[in-house]
1. Please specify each residue of region 65-100 satisfying the condition of being out of contact with any helix residue (DSSP H, G or I) (no Cβ under 8 Å at 6 or more places or on another chain), assigned to a loop (DSSP other than H, G, I, E, B) and closer than 25 Å to residue 139 by Cα.
2. Between residues in region 22-51 that are in contact (Cβ under 8 Å) with a residue 60 or more places away in the chain and within 21 Å of residue 198 (Cα to Cα) and residues that are outside any helix (DSSP H, G or I) and among the hydroxyl-bearing types (Ser, Thr, Tyr), which pairs lie under 6 Å by C-beta distance while being six or more apart or on different chains?
3. Just give me the residues in region 118-148 being crowded, with 19+ Cβ neighbours inside 10 Å and touching a Ser or Thr at 6+ places or on another chain (Cβ under 9 Å), in sequence order.
4. Given 186, 195, which one is on the phi < 0 side of the Ramachandran plot, in contact with a strand residue (DSSP E or B) (Cβ under 7 Å, 6 or more places away or on another chain) and charged (D, E, K, R)?
5. In region 19-56, how many residues are among the acidic types (Asp, Glu) and crowded, with 19+ Cβ neighbours inside 10 Å?
6. Any idea which residue in region 162-183 is farthest from residue 247 (Cα to Cα), counting only those that are assigned to a helix (DSSP H, G or I) and touching a strand residue (DSSP E or B) at 6+ places or on another chain (Cβ under 9 Å)?
7. Can you give me the number of residues within region 98-133 that are under 17 Å from the mean Cα position of the chain (by Cα) and more than 9 Å from the ligand (Cβ to nearest atom)?
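Read-outs throughout are calculated quantities, based only on the coordinates presented, and are distinct from any laboratory measurement. The shown structure was predicted, so the numbers you read here are calculated from the model rather than taken from an experiment. Neighbour counts are summed over all protein chains in view; Cβ atoms, including those assigned to glycine, are modelled from backbone coordinates with ideal geometry.
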Amino acid sequence: MKHKGVYDYWQKRANEREDPFDISGNDTVLASLEIRYLRKYLPTGCKVLEIGCSAGRVIKELVKTHPNSYYGIDFSENMINKAVSLRLPDCRFDVQDILSYEKDNCCDVVYSVRCIINLLDSQDHLKMIERIAHWLKSKGKVILLEATKEGLDKINQYRKIAGLEQIVPHEFNNYIDLSSFMPRFEKYFSFEIVEFASSYYLASRLFNAFVAKLESRPMQYEDPINILGAKLPVFADFAPHKMIIGRKKS
Ligand SMILES: C[S@@+](CC[C@H](N)C(=O)[O-])C[C@H]1O[C@@H](n2cnc3c(N)ncnc32)[C@H](O)[C@@H]1O
């Protein structure tokens, strides 16, 4: 296996946490935003593949509002066991590595939520574009909720002005470099980028962080100003996290 360290991390985390909602990340406000925006762009009545589905957090929420046939894959057996135990209707889960899973033209929609950034070799980010295009039927839709180097640089630029330390990604994350990713993506997909987390990042990682530092208080993800930021309309591009939506060209 190519990313053994990343695999071990998620295997362990699956055993340490009970609630599927916080198994796959600590920022619960971001996690709710992801679901809200997926609901906005996900069609119904189709075959949907989630890559890196962990313990089924996202699918568990989507089945409530978007009737589809869901298939979730993840390379962590512990995560998949938890997802299967949810016994969700019209949902299947399998242990699969996204770098080797094979099935052509099988689905109408493929989406990911912070999974591609676990591929530590940036060449694999580019390979995933081709792999996803193969999995999708003609005119299929891809929705990637992933973190980017460009967005990280942007929020860090403003944190520097505010005298805040730079945000450094975890060692098991390799943020997507849009400058090489998007030209390749555009070969297969017509696309749009939705800055779904920008207002939230401005509120949480800049304003709340700045005031918390002045007041010498610790920050919580669910601080009121963060919740407010998550409710504001999207504007600008302050967040690493972006939603890249593509429609397969042929
Ligand atoms: C940040 S979690 C996100 C999980 C889920 N999408 C969510 O939002 O709750 C990333 C997941 O991707 C999985 N993952 C990472 N690399 C993978 C790979 N090469 N193949 C399959 N799954 C992978 C991990 O096991 C982990 O469960």
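1. 67, 96, 97, 100 - these are the residues of region 65-100 that are out of contact with any helix residue (DSSP H, G or I) (no Cβ under 8 Å at 6 or more places or on another chain), assigned to a loop (DSSP other than H, G, I, E, B) and closer than 25 Å to residue 139 by Cα.
2. So the pair list comes out as 24/54; 27/221; 28/221; 29/221.
3. Selection gives 125, 128, 132, 142, 143, 144, 145, 146.
4. On the way: 186 fails: in contact with a strand residue (DSSP E or B) (Cβ under 7 Å, 6 or more places away or on another chain).
Criteria check complete, one pass: 195.
5. Step one: list which residues in region 19-56 are among the acidic types (Asp, Glu), which gives 19, 22, 27, 34, 50.
With the extra rule that they be crowded, with 19+ Cβ neighbours inside 10 Å, the set shrinks to 34, 50.
Residues meeting the conditions: 2.
6. Here is the first cut: in region 162-183, the ones assigned to a helix (DSSP H, G or I) are 178-183.
Of the ones still in play, those that are also touching a strand residue (DSSP E or B) at 6+ places or on another chain (Cβ under 9 Å) are 178, 181-182.
Values: 178: 18, 181: 16, 182: 13 Å.
Across region 162-183, the extreme among qualifying residues is 178.
7. Adding up the residues that qualify gives 9.
So that you can scan it fast, the table gives a plain yes or no per residue for (1) touching a Gly at 6+ places or on another chain (Cβ under 7 Å); (2) near the ligand (Cβ under 10 Å from one of its atoms); (3) farther than 27 Å from residue 232 by Cα:
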position	(1), (2), (3)
7	no, yes, yes
27	no, no, no
38	no, yes, no
46	no, no, yes
50	yes, yes, yes
